[in-house]
Amino acid sequence: MDSLLSSLRDFWEKGPKIFRQVVPAGELLDPFDLFSIFASAEERIHFKDRDFSHEFENPFTAYLNGCSVVINHVDNSSLKVYETCKSLRSHFPHIFANMYLTPTNSQAVKAHSDDRDVLVLQMIGSKRWHVYSDPIRFPYSDEQLGKGSATLSAEERGPLTLCDTLHTGDVLYIPRGFVHEADTGAEPSLHVTFAIPTHDFTWLSVIAETLRDVGRRLISPRQSVSLEFWNASSASAEDAFRAVKQSLFEGATFERAQELFLEKIRRHNLAQDSFEPSLRQAEMEIVRRRSHSAILPDRNFLLQIEGKTSDRVVAVFARVAEDRYLRWNVPDDVFEAVRDLWQRGCCEWRSLALTDDIARYALAVCLDSFGVAKLCTTVQFN
Ligand SMILES: [Fe+2]
C-alpha cells in the first residue's frame, strides 16, 4: 500500500489508475467476515438489475437470488476495514468505506460519478471496470451524475478513460467526478471502496467555514442587510457590504482555517474510532465461525419440491413427525445444491455444489439460520 500511496500523487485528481497486487491476502475480507458485517450493519441495500430491490430480507438469500448487497460505512462493521481506514489517516485526513458484494454476471448500479476520490480494493473474485471522463470537474454532492432514475447517455458519460479487470488484492483509484460502472462475469465480486470525502475538503469549504467562524465572533456580519440592499443604486449598501467583507477576510487567517479543519477531521475520526471496541468483540465471534468448516443437514427434515416457476423452485423442508414446514423460493442451482447435500448427508461447506465460495457460504448460513442444517467444526463433523 505504501508504494501505491507514493505514486498516487502523480494521478491524484487527474485520472484513474490501477495498482496491481498491493494488498496481501491476510488483510482482505473473506466469506466469514460477511456474516458479522451483515449482522452488525445499520443498513443494507440490495440491488438487482441496476435498481433497488426490496424482495428479500436476508442478505444471503438476496445474494443467492442474484442481488448485489451494499453496506455503506462498512468501517463501522468490520475491524479489518476500520484498521485499513485508520492506517490511511497518515496519508488522508479522513477515509471511510463502503462494501459491494455482487454475484456472477451482474452489475449493481448504473454508470455514475461521485463527490469523493476513491480507492477500490478487490477483496474476493474479480470485477471489470469502465471509467469514463469527468463531465463536471470536482463535483459537489448535488452535482453527482447518474444517481437519479435516468441512465446517463454515452454523450453524458464522455469518452472511455480506462477499461480493465480488478483481481484479488488489486486497487483502482478513481478521482472525484469521473463517471464509472463495473460488472462481474463468471466470478462473483466482493470489493470495498475506500472513500476520501474531498467534496468536503475543498478550498471553498475551508474558506467558507473560516469566514463563518470569523463572522460569528463579530457584530456587523450578524446584522441584516440594509433596507436599501436590493436597490441597485444604493451606494451606502455597497459601502456596508465592502466593510463587512473586509472585516471577515481580515479575521480569516491561515492558522484559524487549519485549526478549524483539524477540529472537523478530529470529530469525524473520533466518531469512526467509537466503533473499535465493538468491532474487536465481534472479531472473536468471527474467529469462532472460521472453525466452522462443515455443514450437517438435519435428517429429520425431508426436502420436497412444492412448485416451480420459470427460474425458481419452491423448496419445502418438512419435519418428520412434527407438523412443521418451511418454504423457501430458490433458484434451480441452489435447490440442486441443497438436494445434493441432503443426499450426501454432510460435507465441507466449501464442497457444496455451487460455483463460488461466497454462494456456498451463503447457502450454508441460510440453511443454518433456518434451523434445517448446522454449520459446525470438522471435529463435530467427524
Ligand atoms: Fe461510485
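Taken together, the values in this text are just the output of simple stated rules run on the coordinates, not laboratory data. As the structure is a prediction and not an experimental result, all values here were calculated from the model. Note that we place each Cβ from the backbone using ideal geometry, even for glycine, and neighbour counts take in every protein chain shown.
Which whole number of Å³ per residue matches the convex hull of the alpha-carbon atoms in the chain? Intermediate results must be reported in sequence, preceding the final value.
Values: hull volume 76.0 nm³, N = 382.
Roughly 199 Å³ of hull volume per residue.
Could you name the aspartates and glutamates whose alpha carbon sits less than 20 Å from that of LYS245, not counting residues in the same chain fewer than 8 places away?
Those aspartates and glutamates meeting the cut-off are GLU209, ASP213, GLU228, GLU255.
Using the Cα centre as the reference, give the magnitude of the dipole from point charges on the C-beta atoms of the chain (Lys, Arg: +1; Asp, Glu: -1; all else neutral), rounded to the nearest 20 debye.
Working: 43 positive and 54 negative charges, 95 e Å.
With Lys and Arg at +1 and Asp and Glu at -1, about 460 debye.
Can you list, bin by bin at 5 Å, the percent of alpha carbon pairs in the range 291-381, starting at 0?
Cα pair-distance distribution for the range 291-381, in percent: 3, 15, 26, 27, 18, 9, 3, 1, 0.
Compute the relative contact order of the chain as a whole-number percentage, counting only Cα pairs closer than 8 Å that sit 6 or more residues apart in sequence. Walk me through the intermediate numbers first.
Values: 687 pairs, mean separation 64.8, N = 382.
Computed value for the chain: 17 percent relative contact order.
Normalised by the empirical 2.2 N^0.38 Å for globular proteins, what value does the Cα Rg of the range 203-252 take?
Values: Rg = 11.9 Å, N = 50, 2.2 N^0.38 = 9.7 Å.
Working it through for the range 203-252, the quotient is 1.23.
Exposure proxy check: ASP30, ASP2 ranked by fewest other beta carbons within 10 Å? Please report the intermediate quantities before stating the final value.
Details: ASP30 17, ASP2 9.
If I rank by nearby Cβ atoms, fewest first, I get ASP2, ASP30.
Could you order peptides 10-17, 351-358 by the average number of other Cβ atoms within 10 Å of their residues, highest first? Please list the in-between numbers first.
On the way: 10-17: 14.2, 351-358: 18.1.
Ranking, from highest mean packing down: 351-358, 10-17.
Evaluate the charge dipole of the range 275-362 about its Cα centre and quote only its size in Debye, nearest 20, assuming +1 on the Cβ of each Lys and Arg and -1 on the Cβ of each Asp and Glu.
Values: 14 positive and 15 negative charges, 48 e Å.
So the magnitude is around 220 debye.
Taking +1 at the Cβ of each Lys and Arg and -1 at the Cβ of each Asp and Glu, which of THR355, VAL365, PHE301 sits farthest along the dipole of the range 291-381 towards its positive end, judged by Cα position relative to the Cα centre?
PHE301
Given the C-alpha centroids of the range 350-367 and the range 259-314, what is the distance between them in whole angstrom?
Distance between centres, Cα-based: 15 Å.
What would the Debye formula give as log10 I(q)/I(0) at q = 0.11, 0.12, 0.18 Å⁻¹ for the alpha-carbon point model of the range 1-133, no solvent?
-0.43, -0.52, -1.18
How would SER224, SER236 line up from fewest to most surrounding beta-carbon atoms within 10 angstrom?
Values: SER224 6, SER236 11.
In order of increasing Cβ crowding within 10 Å: SER224, SER236.
Among 313-319, 162-168, how do they line up from the highest to the lowest mean number of other beta-carbon atoms within 10 Å?
Working: 313-319: 18.3, 162-168: 16.1.
Highest-to-lowest ranking by the protection proxy: 313-319, 162-168.
For the range 135-150, what does the Karplus curve 6.51 cos²θ - 1.76 cosθ + 1.60, with θ = phi - 60°, yield as ³J(HN,Hα) per residue in whole Hz, taken in order and with x for Gly and Pro?
x, 10, 6, 6, x, 7, 4, 7, 10, 5, 9, x, 9, x, 6, 6
Of LYS80/LYS127; LYS48/LYS147; LYS127/LYS308, which sit over 23 Å apart, Cα to Cα?
Details: LYS80/LYS127 21 Å; LYS48/LYS147 15 Å; LYS127/LYS308 32 Å.
Pairs exceeding the cut-off: LYS127/LYS308.
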